[in-house]
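In what follows, a structure is listed as structure tokens, so that the remarks can point back to it.
What follows draws every value from the coordinates through simple rules; no lab data is involved. The structure displayed is predicted, hence computed values, not measured ones. Cβ sites come from the backbone with ideal geometry, for glycine too, and all protein chains shown count toward neighbours.
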Amino acid sequence: MNAKDSIDSVKGVGAKTTALFSKVQIETVGQLVRYFPRDYDHFEAPVTVQELVCGRVMAVRACVVGTPSTVRARGLVITHAAAGDATGNLRLTWFRMPYIRNALPAGTFHIFRGMVKRGARNTFLMEQPRLFSEEEYARLSGTWQPRYALTAGLTNNLFIRCMGRVLEQFEAEDYLNEPLRRRYRLLPLGEALKKIHFPQGAEDVQAARRRLVFDEFLAFLVQIKRQKVLNDQVIVDRPMAAAAETDALIDALPYRLTGAQTRVWHEVEEDLQKHVAMNRLVQGDVGSGKTILAFLALLMCAKNGRQGCLMAPTEVLAAQHYEALVQLSDTYGLSLHPVLLTGSLGAKQKREIQARIASGEADIVIGTHALIQEKAKYRDLALVVTDEQHRFGVRQRETLANKGDGVHVLVMSATPIPRTLAIVLYGDLQISVLDEMPKNRLPIKNCVVDTSFRKKAYAFIEAQVNAGHQAYVICPMVEEGEMEGVENVLDYTEKLKSALPDTVRIAALHGRMKDGQKQQIMDDFAAHRTDVLVSTTVIEVGIDVPNATVMLVENAERFGLAQLHQLRGRVGRGKEQSFCIFMTGDDSGQNNKRLDVLNHSNDGFFIAGEDLKLRGPGDLFGIRQSGALDFALGDIYQDSDVLLLAGELADRVLSGEVVLPEEEMGLFQKEIDYRSI
């Protein structure tokens, strides 16, 4: 059995199961074995109540005390029970599971397993714990069970069963020979695949991840470095001239550019006047002033009689950029002719806008992926700007740049990545850093608290809403069951509705929604038709609501510091004082030390550096730093040492010192190409 075999070649996988696997983009055996576990269930021996530790998933043997009760709160059925042993008592809560009462007669012993939290009056609490008999738990004790991201109809047991059958017969052709594996301390590919799915312990997971992350990084970096060679050869026949209008705009602005903005603008301005196409990354913290630099570059392009475009990752962000540019043009008499092109426009509107672009009447085009569609034709495209560039693939940037001759590319990112890693990750780009913030910005007030603070946090959110403001609440997961003991958007939204008054308008948002639905929810929040938005990290970029003054992050210990800083950047965008509450369910000193960095600093680059120091190889099961690059397993902070080693081998491959089999490399290349990198 090899990677190219169809998934229906697996024993027991028929037409129905094949259709289910296709829902999660699994059509071949190779795609199945690279569908890695989200985390693992490590079934440790049960403990006493006294031995429970907040912030950990644990099993406890306890006796049900009294009769469980069921209450209804705004349509949500909540079941409460009490249990204990000779060392203490704990409270148990289940949502939407009224039938659980029948399994909990008073005086019966069970093993309850779930995330341990701190309840009122310093008691222990478990929400949604799994229930086991002692015999059931004895069979699982000591094992590591993989847990996969699921969809309707696909169960974890089905994944485990199919994965086991495939890995018994799978022939993994390793494109790295034994000397290379020894040099970079890597497992053989076949062994790594078996251990990532069915580990015997944490050491197996660490070793398997290291090999598979190396493969991801290597494929990406080879692609990036090859692109740099091509970029260095792009000749510009008609370099631009400096435009007096840009200097006039800088002088007329109601604020002075920071020293960093002035330095970076001069770098961009010089690039646009060269005979070689610009490929520059402007990397700056949230609020450091990247957008005005993009507008200056687009203005210079337009005043040279050429066309420029700006591609944003969401329609909300694209519309905000368009409105800001129109206002800037009207206020300062810039005589620009911008258009907005997005996927949600009607067919007639699209045709009209596309005609204006093709004729050259529109000199600046702002939009989303619609900018790179085949029907979008440009008369004289000379500059491409991409906002939050990590949301666009290398191929997408290429496609847009290829809509003109000798096109300059300017990419912007608010993701704070230490320079040592940025040089490797953005090997196809020159890097400019905005390391200075504009003056007179109110710093966000931060606090790190445990779950006992939740009622106060809700009261604070309610007070801010009553004052006319809005709030975000971030949960790590979409729905129950993805990761044990972690808050999820769907259940949390219902809990929040039951805790806050009916007058508070609450909406849920997550990445599994259809694009149109997500767009409508973000539009409603931006227009203040919603007061509180409960979301996953999908809001990390692409929504700018100055009226939002509160950010509450649940299970903050599960995120990387740099991603928490990115999330925090969604507030503090208006004139009012803003607040960020990092709520942790883990009382461990190491996590408190990590989060305390956020409590005392609003500097994204400092925080990113601390993230490198404080997230070690043992941090296997947290939420990855998805804000930087969306790899399947790799995390540039946690796996920074592997990234640097992969960069070294990528250089050796491109120099011809090392030759790797292209066909086997291609398996990884195809995995990377469609991702938002």
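Exposure proxy shown here: for Thr451, Thr246, Thr48, the number of other Cβ atoms within 10 Å sets the order, fewest to most, as Thr48, Thr246, Thr451. Taking other C-beta atoms within 10 Å as the exposure proxy, Thr79, Thr331, Thr415 rank Thr331, Thr79, Thr415 from fewest upward. Whole angstrom only: what separates the Cα centroid of the stretch 489-553 from the Cα centroid of the stretch 212-233? The stretch 489-553 and the stretch 212-233 have Cα centres spaced 37 Å from each other.
Legend: ranking of residues Cys63, Cys162 from fewest to most surrounding C-beta atoms inside 10 Å; resulting order Cys63, Cys162.
Averaging 1/r across all pairs of distinct Cα atoms in the stretch 44-142 and inverting the result yields a Kirkwood radius of 13.6 Å.
Among the GluC sites (Glu not before Pro) in the stretch 152-249, those placed in a DSSP loop whose Cβ has at most 13 other Cβ atoms within 10 Å are Glu171, Glu173.
Could you please state, rounded to a whole Å, how far the C-alpha centre of the stretch 416-445 is from the C-alpha centre of the stretch 323-392? Each part's Cα centre sits 27 Å from the other's. In summary, the chain shows an alpha-carbon radius of gyration equal to 1.02 times the 2.2 N^0.38 Å reference for compact globular proteins.
Using a simple spin-label model with pseudo-atoms 7 Å out from Cα toward Cβ, Asp651 and Asn157 lie 5.2 nm apart. Annotation for the stretch 164-239: trypsin sites (Lys or Arg not before Pro) lying in DSSP loop with at most 13 further Cβ atoms inside 10 Å of their Cβ are Arg185. Here the extension length gained between Gln430 and Val659 equals 79.7 nm, from 0.36 nm per residue of separation less the Cα-Cα distance.
Charging the Cβ of each Asp and Glu at -1 and of each Lys and Arg at +1, and nothing else, the dipole of the chain about its Cα centre rounds to 1340 debye.
Taking the C-alpha atoms only, the angle from helix 454-466 to the longest principal axis of the chain is near 40 degrees. Near Ala248, once Lys and Arg are set to +1 and Asp and Glu to -1 for all other residues with Cβ below 15 Å from its Cβ, the sum equals -2. With Cβ to Cβ distances under 13 Å as the rule, what net charge do the other residues near Arg505 carry (K, R +1; D, E -1)? With Lys, Arg at +1 and Asp, Glu at -1, the neighbours total -2.
Rounded, prolate or oblate: which one fits the stretch 445-601, using the alpha carbon gyration tensor with axes a ≥ b ≥ c (rounded when a/c is under 1.5, else prolate when a/b beats b/c, else oblate)? Rounded, because the longest to shortest axis ratio a/c is under 1.5.
Electrostatic bookkeeping for Phe132 treats Lys and Arg as +1 and Asp and Glu as -1; over the other residues with beta carbon under 10 Å from its beta carbon, the sum is +1.
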